[in-house]
1. What are the principal axis extents of the Cα atoms in chain A, in Å, biggest first?
2. Gaussian network model of chain B, Cα springs within a sub-10 Å range: biggest mean-square fluctuation belongs to which of B:Gly164, B:Gly232, B:Gly274?
3. Over the whole of B:142-148, what's the average partner chain Cβ count within 10 Å per residue? Rounded to a whole number, please.
4. For q = 0.08, 0.09 Å⁻¹, what log10 I(q)/I(0) does the protein assembly as shown give under the Debye formula with an equal point scatterer on each alpha carbon and no solvent?
5. Name the most mobile residue of A:Gln227, A:Gln126, A:Gln31, meaning the one with the largest mean-square fluctuation, in a Gaussian network model of chain A with Cα contacts below 10 Å.
6. Search the structure for amide H atoms under 5 Å from the amide H of A:Gly288, placed 1.01 Å from N in the peptide plane, and list their residues when 5 or more places away or on another chain.
7. Expressed as a rounded percentage, what relative contact order does the range A:252-379 have, with Cα pairs under 8 Å and six or more residues apart?
8. Name the long-range amide H neighbours of A:Tyr344: under 5 Å, sequence gap of 5 or more, or other chain; modelled H, no Pro or chain starts.
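Rule-based calculations on the coordinates, nothing more; no lab input. This is a predicted model, so every value here is computed, not measured. Note that each Cβ is placed from the backbone with ideal geometry, even for glycine, and that neighbours are counted across all protein chains shown.
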Amino acid sequence: MRSQLEGSLAVAKAVALCRPEVISAYPISPQTHIVEALSDLVRTGELAPCEYLMVESEFGAMSAAIGASAAGARAYTATASQGLLYMAEALYNASGLGLPIVMTVANRAIGAPINIWNDHSDAMSQRDCGWIQLYAESNQHAVDLHVQAFRLAEELSLPVMVCMDGFVLTHAIEPVELPTQEQVDAFLPPFDPRQVLDPDDPVTIGAMVGPEAFAEVKYLMHAKQMQALDLIPDISGSFSQAFGRTSSGLVRTYRSADADTIVVALGSVLGTIEEVVDELRGEGERVGAVGITCFRPYPLEEIRAALQGARRVIVLEKAFAVGLGGIVGQNVRLALSGHAVSVYDTVAGLGGRPITRRTLRTLIADVLEERLEPDRLAFLDLDWKLVERELQRVSADPRSGPHAENILRDIGSVAASAHGGAR
Amino acid sequence: MSAEKLKLYQVGTFAVGNRLLDPEQRTVQARMERSNTLTSGHRACRGCGEALGARYALDAAMRATDGRLIAANATGCLEVFSTPYPESSWQLPWLHSLFGNAPAIASGIAAALKVKGRNDVRVIGQGGDGGTLDIGFACLSGMFERNDDVLYVCYDNEAYMNTGVQRSSATPPAARTANTKPLGDEPGNVFGQGKSAPLIAMAHEIPYVATATVADLHDLEDKIERAMEFHGARYVHILVPCPLGWGSEASETIKIARLAQETGLFPVFEAEAGEVVAVSPIRQRVSVEEYLRTQRRFAHLFGDPPRADVIAQLQSRADRNIRRFGLLAEEAA
């Protein structure tokens with residue numbers, strides 16, 4: 001049924017259609033509407049049987065999901081930002097134990113400075129924790145990915161993280177086609193766990209493993225993730241057949257087949273990028289876009305195939321490795337090894353800064369007209385004046401105070417100067 | 001407790017030998033059909049109090065639940081010595097996840113069992129004092145306040161033994177640990193720190209809280225069985241001496257646990273819904289000095305110069321427990 005829904009509510013309804021048996025929840029913006037809606041669905045009995053645990057932290061939320069999954073229940077939770085970091089130890093545990101938990105990450109920046117708005121710093125920080133990572137481009141995509149995520153997780157016995165941009169998607173009201181319960185039931189069989197805690201057949205799960213077998217267990221995690229590269233297209237094919245609409249599996253291309261310049265990105269910004277591609281195509285530029293839906297496992301071959309005709313690849317990413325540069329950019333370079341392609345790493349949209357058509361057009365023009373150098377990290381829309389002013393302040397005064405407060409004062413967000421007022 | 005009161009003093013410790021009891025009153029450990037939940041072959045140290053405590057507690061819990069039990073275990077000695085890959089000493093379904101999350105893991109298991117209608121299967125969470133009182137405390141408090149249907153058992157050996165005997169919030173004052181060495185003016189762990197997990201558990205007003213030691217097997221088993229009569233969050237805190245960490249003789253684990261109770265340093269009691277309902281009275285009161293002398297972690301108190309002042313401070317802690325819990329108020333049984 002097609003209806004106008006807030007992204008969070010749409011995802012909550014989609015998750016409920018997947019019949020999770022245990023939901024653990026700890027509130028953090030911008031994830032809250034998802035778990036609030038699920039609480040409503042459990043309380044009204046619309047989602048039953050289901051145990052909804054209001055835990056004391058994200059660490060507790062993931063831990064309760066681990067316990068529930070090991071006891072044979074379909075387990076779900078959702079988080080964002082600091083919450084994802086707070087559960088980091090348990091994320092590695094869930095993947096190491098091979099427990100098919102599904103989690104929504106409502107992508108949000110990581111502090112300090114504290115910031116509740118969207119970027120990908122949270123999910124990118126956990127890209128190597130052994131979870132499959134899927135990034136939604138729209139609320140419809142988020143709904144569809146969640147339905148597929150449970151099937152993917154349970155077929156592989158691996159946890160799956162569905163990332164959707166905080167506020168940009170979670171709080172946006174868009175038309176969304178929700179599947180029916182019958183459709184989801186036909187697509188997603190009941191959870192048949194690979195391992196389960198059961199007094200009738202007692203097993204030890206989570207034993208200590210020394211050097212004699214640790215590498216083999218870890219290799220199996222890797223091998224299972226690599227299997228996902230075959231399984232995801234299969235599942236997304238079955239999804240299209242069952243639900244009558246396509247849903248990107250590993251990688252989605254947009255007007256990229258004959259493009260000289262391709263913009264690579266993850267998540268909701270692809271919508272804006274595609275509009276700019278259309279505009280530039282109208283102006284005769286051979287520009288295209290490639291969206292990476294599945295970032296872990298990394299679909300190296302698919303990305304290589306999607307980019308191989310390009311001369312310039314602009315990687316637009318909402319996170320970066322401090323002290324190094326682009327994260328997605330480095331991954332894209334792996335796929336382009338041996339190709340004579342210029343790669344431009346661009347960090348954009350940090351902490352919720354809007355990425356507009358205008359700034360994207362400027363970026364692409366800067367690349368086409370060689371105002372940007374390849375292989376050098378660029379920051380879209382960075383206010384260099386502000387940065388330089390703070391750098392000067394730091395070099396002039398050994399006790400110049402906190403960066404964030406100084407910059408906020410410079411731009412007038414903080415009226416009075418608390419520190420260094422006489423300077 | 002329902003056990004018949006007997007006055008049999010042959011063993012000199014007021015303990016009642018199983019052979020003298022009616023078969024129905026004998027301990028779970030004395031029964032042919034005990035489940036050996038933590039079975040032999042594990043790699044605990046000689047004289048390990050935790051291995052005894054876990055065996056006693058889990059066998060009692062298995063008997064109380066007719067073998068329908070799942071355990072969640074925190075990282076620590078118990079986890080390490082019981083599951084060196086590819087071996088396991090556990091004869092029940094057992095899950096180890098992390099150091100600080102055993103209570104939340106147990107909550108998740110309980111939720112899964114509830115949703116699946118498996119009312120016959122019960123859940124136990126367990127860990128040492130570090131995993132319970134320190135790193136796992138938030139998850140423990142969460143499990144308590146939600147009143148999740150979990151029995152959590154803490155095996156308290158008063159320090160981080162698995163990592164080499166570092167101080168925890170259960171380490172007693174003056175005790176030597178690897179990071180509270182007898183160096184400087186105030187030797188050993190400082191006074192005025194630490195916490196009582198059983199009292200904090202009681203403050204959650206959960207159905208059942210009890211303390212026990214490995215010295216009194218009947219009492220320990222009775223408390224586990226009693227805990228299993230309740231649904232909701234339950235907490236049993238068992239004192240388990242550690243020969244390695246305490247610097248005690250492996251053969252004296254039981255004796256030292258008994259002395260801890262008989263000095264008043266470790267009050268043994270049970271509470272329901274936040275109220276103390278029973279205490280195990282001290283039957284042969286002993287001075288803390290007698291207890292302290294059994295352990296090299298307190299040896300610096302008897303060195304040169306001896307620290308009678310510190311021993312007096314420890315005695316006053318024991319005296320306070322005796323007053324607070326009324327450990328001498330009732331006539332000895």
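1. Ordered largest first, chain A gives principal extents of 71, 55, 54 Å.
2. Ranking B:Gly164, B:Gly232, B:Gly274 by mean-square fluctuation puts B:Gly164 first.
3. 4
4. For the protein assembly as shown, the Cα-only Debye profile gives -0.75, -0.89.
5. Residue with maximal mean-square fluctuation among A:Gln227, A:Gln126, A:Gln31: A:Gln227.
6. A:Thr261, A:Ile262, A:Val263
7. 25 percent
8. Residues meeting the amide H criterion: A:Val313, A:Ile314, A:Val315, A:Asp375.
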